[in-house]
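To start, the structure under review is shown below, and the notes come after it.
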Amino acid sequence: MQTSIAPNVRIRPLTIRDYQYLIERGTFGPEERVELLNGQPIQMAAKGTRHRAACTRLLQVLSDALDPDFALICLQDPVELDDRSMPEPDVAIVRPHPLYYAERHPTPADIHWLIEVADTSLVYDTQTKAAAYGRSGIVDYWVIDLLNDRVWTFRDPNDTGYGHIEQRDRIATIAPITFPDCQFAVADLLGPVV
């Protein structure tokens, strides 16, 4: 896919291989938070204290509920959606791997579900990332919406994103598609009201 930005100027989307080459060459500084999405390196928003606390809380809640024989919880690690997208979701719940994915990143076939925490990134997470995750066949995607005190669920992936999008408030419960008996209280995912 090439995007035209001027009559004679074209942008060539990066592949994961191109992107990894740029990382190895030091193109992005160690303090920069960058992810590859749709062939473009995207500067990610800085993490504030609420975002960090939410990720830590999710790790605890998920670890208490999920059997490590069936689910590995990864925090802010890359996943490979296709040859042009390697985002770093806040939480990826993936199939266990004997080498803990030392030789490769998880792909859609390995992913049970993904979670993003949105404080300043709600539009990006619910539109751009949701479209990329849906196109890649991620069957279950959640956004922890800290600003509006709700959890978004995206299900029924398709070529443009998701066919079923729902917002759940604090009094609701939610279960991942792959573990339907594992019910989470939305209030526990959101944490205390700040």
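The values are calculated or read from the model by the stated rules, or taken from the named source; none is laboratory data. Note that the structure is predicted; figures quoted are calculated from it, not measured. So basically every Cβ, Gly included, is an ideal-geometry build from the backbone, and we count neighbours across all protein chains shown.
Overview of results
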{"item": "Single residue of the range 135-169 satisfying the filter (polar (S, T, N, Q) and assigned to a loop (DSSP other than H, G, I, E, B)) that is surrounded by the most Cβ atoms within 10 Å (Cβ to Cβ)", "result": "136"}
{"item": "Residue satisfying all of: in the range 43-66; within 15 Å of residue 175 (Cα to Cα) and without any contact (Cβ under 8 Å) to a residue 12 or more places away in the chain; surrounded by the most Cβ atoms within 10 Å (Cβ to Cβ) among these", "result": "63"}
{"item": "Members of the range 78-97 found to be of a type in the set (Asp, Glu) and surrounded by 17 or more Cβ atoms within 10 Å (Cβ to Cβ), listed by number", "result": "80, 88, 90"}
{"item": "Residue 114 vs. criteria aliphatic (A, V, I, L, M) and under 28 Å from residue 22 (Cβ atoms)", "result": "yes"}
{"item": "Answer residue from the range 170-186, given it is in a loop (DSSP other than H, G, I, E, B) and touching a helix residue (DSSP H, G or I) at 6+ places or on another chain (Cβ under 9 Å) and is surrounded by the most Cβ atoms within 10 Å (Cβ to Cβ) among those", "result": "179"}
{"item": "Residue count, the range 103-134 (criterion: surrounded by 21 or more Cβ atoms within 10 Å (Cβ to Cβ) and acidic (Asp, Glu))", "result": "2"}
{"item": "Among (1) of a type outside the set (Phe, Trp, Tyr); (2) over 26 Å from residue 12 (Cβ atoms); (3) at pLDDT 95 or above; (4) part of a loop (DSSP other than H, G, I, E, B) - the single one residue 98 does not satisfy", "result": "(3)"}
{"item": "Those residues of the range 32-41 which are assigned to a strand (DSSP E or B) and either within 17 Å of residue 145 (Cα to Cα) or without any contact (Cβ under 8 Å) to a residue 60 or more places away in the chain (or both), in sequence order", "result": "34, 35, 36, 40, 41"}
{"item": "Meets criteria (surrounded by 21 or more Cβ atoms within 10 Å (Cβ to Cβ) and either among the hydroxyl-bearing types (Ser, Thr, Tyr) or touching a Phe, Trp or Tyr at 6+ places or on another chain (Cβ under 7 Å) (or both)) for residue 100", "result": "no"}
{"item": "Test result for residue 125, part of a helix (DSSP H, G or I), in contact (Cβ under 8 Å) with a residue 60 or more places away in the chain and on the phi < 0 side of the Ramachandran plot", "result": "no"}
